[in-house]
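**Q** Got a structure for you, questions after.
Readers should treat all values here as calculations from the given coordinates under stated rules, not as data from a laboratory. Because the structure is a prediction, the values reported are computed rather than measured. Don't worry about glycine lacking a Cβ; one is built from the backbone with ideal geometry, like all the others, and counts go over all protein chains shown.
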Amino acid sequence: MKKALSVLAIILVLISCTKKSNTNQIAMTPQIDYQQVEKKDTINIAADSTKNSFIKTHNIKGSPVKIISARLFKSQYSDHKDIELVYKNVTLKNIKAIRFEWYCENAFDKPASGRNFFMKGKSDGFSSTLLRPKERKSQVWEDFSTDANTIISARAYYVVFSDGTKWKLKK
């Protein structure tokens, strides 16, 4: 009797360990959301065109303000990065105000976050202190990005002279 029970137990264990095929299984294929793919491509194209507009320097040759240097540094009181621009008036007129813009990328060569949520990579700032002919100044804009790693380009895009005339970057 013990042998019969042990043989029966072994048979039950063997039967329960065999893989049962389920004829009702449905093969799952991955679903691709093409609208999402197109949206990401559109964002990448927009970022690339913004970057390209900063890389092309032919339109800043007539600029009354020359960017001498641009550097990123981490502030002591937060994890945001600051940017410092050193610039020079290359005209013979006094400059009353300047609007600057710059384009930065993060460590992954993607547009860096900035103050503007909708336009990643691109940020701007202004100066309203008098800049005399051939004078050089520097200015720091604080807390503009959390992940900026590289400044691709910085430029002045709007300049107001003290005589009332204005210069605007042609894009």
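**Q** Of 66/171; 74/122; 81/166, which sit over 23 Å apart, Cα to Cα?
**A** 81/166
**Q** Show me 69-80, 120-131 ranked by packing, highest mean number of other Cβ atoms within 10 Å first.
**A** On the way: 69-80: 11.7, 120-131: 17.9.
Ranking, from highest mean packing down: 120-131, 69-80.
**Q** With θ set to phi - 60° and the Karplus curve 6.51 cos²θ - 1.76 cosθ + 1.60, what are the ³J(HN,Hα) couplings of the stretch 155-171 in order, to the nearest whole Hz, using x for Gly and Pro?
**A** 7, 8, 10, 8, 10, 10, 8, 5, 7, x, 6, 10, 10, 10, 5, 8, 9
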